[in-house]
Every structure is written in C-alpha cells, then in structure tokens.
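The values are calculated or read from the model by the stated rules, or taken from the named source; none is laboratory data. These numbers were taken from a predicted model, which means no experiment stands behind them. Quick reminder, even Gly has a Cβ in these numbers, built from the backbone with ideal geometry, and neighbours come from all protein chains shown. Side chains included, ligands, DNA and RNA excluded: accessible areas come from the protein's heavy atoms. Shrake-Rupley method; radii C 1.70, N 1.55, O 1.52, S 1.80 Å.
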Amino acid sequence: MENLINKQDVSRRMKMARIKAGHTQKTLAEALDVTSTTVYLWEKDPESVTLARFKQYAKACGVSVSYFFT
C-alpha cells in the first residue's frame, strides 16, 4: 500500500509545476480563464479538481497529468 497518492503531494506538485512554468496563481488563472482564488483552492484541495481541469492545468504548466500523481 505504499503507492497511495497523498493529497498533500499532489498539492505540492501542482504548485511546483506552476512555479517552474513561471506562472503566478494570477497568470495561471488568466491562462485557464478562472480566478486566482480558484487556482489557490485547487492547489489547496486537489480533490476538487476535475480531470478536464487537471489536463488544462498540466498543459498550461508544460507537464503531463501523471506528473501530479507520481
């Protein structure tokens, strides 16, 4: 059971991907046509993010969706 995905790990990877891509929460929000509060909430609680939004987030950050979960 060591391969369970930890919510905090996904949150950390989301934030790291955003920062490495050169995005602030505001610039990423603009790219995704959402508010910066939404990006903040997604990074705080990735369980609230739909698969479609994970795909958009990943694309905007230049990573694959699997990056968040490995």
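The solvent-accessible area of Glu47, taken with every protein chain present and a 1.4 Å probe, is close to 140 Å².
About its Cα centre, the dipole of segment 22-70 is roughly 120 debye, where the only charges are +1 on Lys and Arg Cβ and -1 on Asp and Glu Cβ. Projecting the Cα positions of Tyr67, Thr27, Met14 onto the charge dipole of the chain (unit charges on Cβ atoms of Lys, Arg, Asp and Glu, taken about the Cα centre) puts Thr27 furthest along the positive direction. Charge tally around Val10: other residues with Cβ under 15 Å, Lys/Arg +1 each, Asp/Glu -1 each, net +4.
With +1 assigned to the C-beta of every Lys and Arg and -1 to the C-beta of every Asp and Glu, and no other charges, what is the dipole magnitude of segment 1-44 about the Cα centre in debye, to the nearest 20?
140
Counting charges near Gln25 (Lys, Arg +1; Asp, Glu -1) among other residues having Cβ under 12 Å from its Cβ returns a value of +2.
Quick one, which of (i) 3, 17, 29, 23, 15, 8, 3, 1, 0; (ii) 3, 19, 32, 28, 12, 4, 2, 1; (iii) 4, 20, 31, 25, 15, 4, 0 is the actual P(r) over Cα pairs in 5 Å bins from 0, in percent calculated for this model? Comparing each candidate, only (ii) matches the computed number. The residues packed around Gly62, meaning those with a beta-carbon under 11 Å from its beta-carbon, carry a net charge of +3 if Lys and Arg are +1 and Asp and Glu are -1. At 7 Å along Cα-to-Cβ for each site, give me the label-to-label distance between Leu51 and Val65 in nm. Distance between label points: 0.5 nm.
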